[in-house]
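Everything on this sheet refers to the single structure shown next.
The values are calculated or read from the model by the stated rules, or taken from the named source; none is laboratory data. What you see is a predicted model, and the numbers here were worked out from it, not measured in a lab. Quick reminder, even Gly has a Cβ in these numbers, built from the backbone with ideal geometry, and neighbours come from all protein chains shown. The area values use the complete protein model at the heavy-atom level, side chains included, leaving out ligands, DNA and RNA. Shrake-Rupley method; radii C 1.70, N 1.55, O 1.52, S 1.80 Å.
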Amino acid sequence: MLTCEGRVWKFGDDVNTDLIIPGRYLDNYDPDHLAKHAMEGISKDFASEASPGDVIVAGSNFGCGSSREQAVVALRGHGVKAIVAVSFARIFYRNAINLGMHVYQSPEAHSMFADGDVISLDSEKNRLRSVDGSREVMLADMPTRPREIVDSGGLIPYVKHIMLERKV
Amino acid sequence: MSGRTVAEKILGRAAGKPGAKAGDVLEVTPDVVMSHENTFLVDKAFEQFDLERPWAPDKVVVVLDHRSPANTVQTANAHARIREIVRRMGIERFYDVGEGVCHQLLVEKKLVRPGQLVLGADSHTTTVGAVGAFGAGIGATEMAGIWATGETWLKVPETIKITMTGHLERAVFPKDIALYLASRLGPSGADYMCMEFSGIFLFDISISGRMVLCNMAAEMGAKAAIAPADSTFGAWSPECASLNSGACTSDPDASYHDIIELVAEDISPMVSGPDRVESGRGVEEFEDIEVDQAFIGTCTNGRLEDLIAASWVLKGNKVATGTRLLVAPASKSVLSDALSMGVIQTILEAGGTILPPGCGPCLGAHEGVLASGEVCISSSNRNFKGRMGSEDAKIFLASPATVAASAVKGRIEDPRRWLNVDL
Ligand code: SF4
């Protein structure tokens with residue numbers, strides 16, 4: 001279950017992983033180092049201003065390009081726990097789920113919210129709304145398997161649980 | 001009941017569910033798993049399971065190619081750690097610094113067979129589709145989960161079939177087909193799909209050329225790409241000639257999400273850039289752009305065929321003053337073959353620089369990082385902003401022949417002028 005309240009960081013279509021975290025920073029695996037350069041290729045402010053509770057609202061094909069999981073780590077380093085996009089590139093989508101990030105596909109959110117809007121997201125009610133109550137989008141539930149993985153806190157706890165069950 | 005696509009067959013087999021259809025979510029066991037420098041991250045996640053070694057060390061391939069030889073102390077430490085891991089875990093299919101790019105080695109060393117499921121911690125794992133395998137990219141944490149259990153979940157994709165009629169004109173290469181296709185489909189036109197290259201046109205295209213097509217499928221969002229097994233495989237691997245190819249090809253009545261029919265004569269030498277792979281157009285539209293760096297290499301176009309095509313252009317010519325030409329063979333064996341054929345000599349005499357086999361400057365880590373304001377024409381697969389260095393550099397993609405012609409001219413240049421084609 002996730003509830004978060006923060007600002008919207010709005011991005012367009014086809015935001016690739018080289019924009020989210022450029023390859024030249026990947027020789028250092030430290031999450032704080034990655035967070036420092038998050039979205040460097042596309043936003044001047046994200047790395048200095050993004051804070052826990054913020055939500056990324058993006059267009060289609062978010063996270064296309066490389067399989068680098070550090071793209072999710074860099075965003076998570078700012079306390080971002082949810083991304084709402086018109087659609088996701090598949091490897092990014094899987095990486096996000098495997099690292100416990102809530103990812104929602106929504107055709108409406110992108111046109112309804114503006115960059116900087118203050119919003120709240122409730123994963124139990126699947127609801128994204130502006131804090132002033134003026135706008136609200138219902139989000140489609142994540143598919144079963146991704147949901148189970150995210151609810152476990154990511155792939156590692158999920159697989160640990162499966163391994164335990166198999167032993168019993 | 002309609003027939004089945006090769007994607008359905010391969011994933012069904014990997015899940016023990018031979019009747020699987022597109023849309024089914026399966027628990028699959030891969031035949032081969034591959035990771036590169038990110039094996040460091042895989043292991044960090046794997047440690048949390050408290051297991052000694054992967055479920056099947058003989059199915060694991062590890063390659064040091066992305067920052068190889070090491071570009072920083074941090075990378076050197078990661079490399080050292082990975083060497084220790086593979087030794088301790090009994091992972092024998094380990095390829096150290098200088099052996100080549102992971103996708104190239106999977107095919108060249110025959111670590112992959114037609115009909116197999118390959119999961120790699122790299123987005124261009126689609127490349128192995130060139131030899132009739134289903135290759136999909138995943139992330140490091142997911143790889144750790146597979147190391148632990150031998151399994152992961154996959155949704156069986158729908159398939160887009162691509163066929164082509166006619167014959168490619170001279171100086172038009174598989175890379176041009178790929179850039180043309182990307183310009184038609186866009187960066188998400190094949191999202192979550194398998195792209196199947198099939199039909200008679202494949203006979204004209206070598207395994208190396210098929211690798212280009214399957215590699216670039218990743219730039220259209222494809223989960224996998226495949227060139228189903230045919231007689232070309234006999235030359236690639238005699239054992240595969242006797243293969244039961246029914247398991248590695250689609251049934252004639254299989255159902256497709258879409259069928260795209262290309263006409264070879266519509267495709268001319270293409271250039272794409274900057275920033276967007278799908279922005280490809282005919283080379284003539286780019287011809288006044290000055291080039292600082294020309295790069296030939298990568299999992300897309302660093303093979304012998306590519307170096308030979310470049311050498312046709314470079315023979316007896318010189319790289320323009322003010323332009324630098326970098327060439328990174330995709331593997332040690334490509335380098336060695338190119339050496340014995342005199343191709344490397346031709347490149348050196350033209351003024352090119354040979355880099356060690358590996359990814360080289362493709363991902364902007366080292367060996368040819370771009371300064372702000374610089375322009376690079378590259379035989380790689382991505383021209384994303386900031387990918388090869390400065391965010392203010394511009395990257396254009398093209399075939400190795402076009403890259404070589406541009407190096408000689410100092411501006412983006414039509415390779416047909418250098419390959420005796422009447423324009
Ligand atoms: S050559 Fe470039 S695209 Fe290919 S695996 Fe290496 S970094 Fe990735």
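Observations on the structure shown:
- Farthest toward positive dipole pole in chain B [+1 Lys/Arg, -1 Asp/Glu at C-beta], among B:74, B:294, B:202: B:74
- Percent carbon-and-sulfur accessible area, the range A:3-166, ignoring ligands, DNA and RNA, probe 1.4 Å: 50 percent
- Listed cross-link partners A:160/B:109; B:110/B:223; A:81/A:160; B:155/B:385 are compared with a 25 Å cut-off, the Cα-Cα value being larger for A:160/B:109; B:155/B:385.
- Relative contact order (%) - criterion: Cα under 8 Å, at least six apart; region: chain B: 18 percent
- Carbon-plus-sulfur accessible fraction, the range B:34-188 (probe radius 1.4 Å, protein heavy atoms only): 47%.
- Summed residue charge, Cβ within 15 Å of residue B:96's Cβ, Lys/Arg positive, Asp/Glu negative: +2
- Excluding ligands, DNA and RNA, the accessible surface per residue across the protein assembly as shown is 35 Å² with a 1.4 Å probe.
- Area accessible to solvent at residue B:284, 1.4 Å probe radius, in Å²: 100 Å²
- Inter-part distance where the range B:212-234 and the range B:373-423 are each reduced to a Cα centre, Å: 24 Å
- Radius of gyration (Cα atoms) of the range B:6-264, expressed as a multiple of 2.2 N^0.38 Å: 1.00.
- Relative to the 2.2 N^0.38 Å rule of thumb, chain A has a C-alpha radius of gyration ratio of 1.01.
- Between the range A:21-49 and the range B:277-312, the Cα center-to-center distance that results, in Å: 30 Å
- Buried between A and B is an accessible area of approximately 3700 Å², summed over both sides with a 1.4 Å probe.
- Most mobile listed residue (B:205, B:296, B:177) in chain B, GNM with C-alpha springs under 10 Å: B:205
- Selected from A:133, B:401, B:212, residue furthest toward positive end of dipole (the protein assembly as shown; charges at beta carbon): B:212
- For the range B:174-306, a simple Cβ point-charge model (Lys and Arg +1, Asp and Glu -1, everything else neutral) yields a dipole of about 500 debye relative to the Cα centre.
- Cα point-scatterer Debye curve for the protein assembly as shown, base-10 log of I(q)/I(0) at q = 0.06, 0.07, 0.11 Å⁻¹: -0.28, -0.39, -1.01
- Within chain A: Cβ-based charge dipole about Cα centre, in debye rounded to nearest 20 (Lys, Arg +1; Asp, Glu -1): 560 debye
- Solvent-accessible surface, computed for protein heavy atoms with a probe of 1.4 Å, shrinks by 20 Å² or more for the following residues of the range A:1-20 when the other protein chains are added to the isolated chain: A:14, A:16, A:18, A:19.
- Share of alpha-carbon pairs per 5 Å distance bin for the range B:273-417, given as whole %: 2, 12, 23, 25, 21, 12, 4, 1
- Electrostatic dipole magnitude of the protein assembly as shown [Cβ: Lys, Arg +1; Asp, Glu -1; Cα centre; debye, to 20]: 1060 debye
- The Stokes-Einstein estimate for the range B:153-310, based on a Kirkwood radius over Cα pairs and taken at 20 °C with 1.002 mPa s viscosity, is a diffusion coefficient of 128 µm²/s.
- Cα-derived Rg over Rh, computed across the range A:30-84 with Rh taken as Kirkwood radius: 0.92
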